[in-house]
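Trainee: Below is a structure I'd like to ask you about.
What follows is calculated from the coordinates using simple rules that are stated; it is not laboratory data. Quick caveat, the model's predicted, so the values are computed rather than measured. Cβ coordinates were reconstructed from backbone atoms using ideal geometry, including for glycine residues, and neighbour counts include every protein chain displayed.
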Amino acid sequence: MNKKRGQALVEFVIILPIFLFFLFAIIDFGKIISLKNQLESEMDEIIEEYKNDLPYKEITDNLNKNNKNARLEIERENEYIHFLLKKENSIITPGLNLILKKPYYVQIERWIQNES
């Protein structure tokens, strides 16, 4: 009877770190998807504000009210305007930062036609 208990304990000790890694990885990817959706919504608002001729400073101020530490870049390239919105996401899973790079940035890009 003791051998079976010892075997179960050894199996548990082997499986536990793998289980925890996958559990935390699922949490991290959920945070990434949530942040990406949040940035997509912010990008819609930014483009709407840009089309309404709000100054860049006011657009970034509105962005920082909702999303601290998000960075916005707007570049005009001939007939298109390039919007880039990115924010750092902290990874809590040990070892996952080796795969996803540290720090990991979630970024949204949009290209719209310059109408002016």
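Trainee: Within the chain, count lysine pairs with alpha carbon atoms under 12 angstrom apart where the residues are 8 or more positions apart or belong to different chains. Provide the component values of the computation, followed by the final result.
Mentor: Working: Lys36/Lys86; Lys36/Lys87; Lys68/Lys86; Lys68/Lys87.
Pairs that pass both the separation and distance tests number 4.
Trainee: Kindly state, to the nearest 0.05, the FRET efficiency for Glu88 paired with Asp44, given R0 = 25 Å and r defined as their beta-carbon distance. Show your work: numbers first, answer last.
Mentor: Numbers: r = 21 Å, r/R0 = 0.85.
My answer for the efficiency is 0.75.
Trainee: For an R0 of 25 angstrom, estimate the FRET efficiency from the Cβ-Cβ distance between Phe22 and Tyr105 and round to the nearest 0.05. Write down the numbers at each step before the final one.
Mentor: On the way: r = 23 Å, r/R0 = 0.94.
Here the calculated transfer efficiency is 0.60.
Trainee: Between the stretch 25-47 and the stretch 69-88, what's the alpha-carbon centroid distance in Å?
Mentor: Each part reduced to its Cα centre gives a spacing of 16 Å.
Trainee: Above 20 angstrom, tally the Cα pairs of the stretch 2-113 and express them as a % of all pairs, no decimals. Intermediate values should be presented prior to the final figure.
Mentor: On the way: 3417 of 6216 pairs.
Above the 20 Å cut-off, the stretch 2-113 has 55 percent of its Cα pairs.
Trainee: Going 7 Å from the Cα of Phe29 in the Cα-to-Cβ direction, what parts of the stretch 88-114 have a backbone nitrogen less than 19 Å from that spot?
Mentor: Only 89-102, 104-107 fall inside the zone, counting backbone N under 19 Å.
Trainee: Give the longest segment of the chain that steers clear of GluC sites (Glu not before Pro) in DSSP loops with at most 11 neighbouring Cβ atoms within 10 Å, not counting the sites themselves.
Mentor: On the way: sites that count: Glu79, Glu115.
The segment 1-78 is the longest one with no such site.
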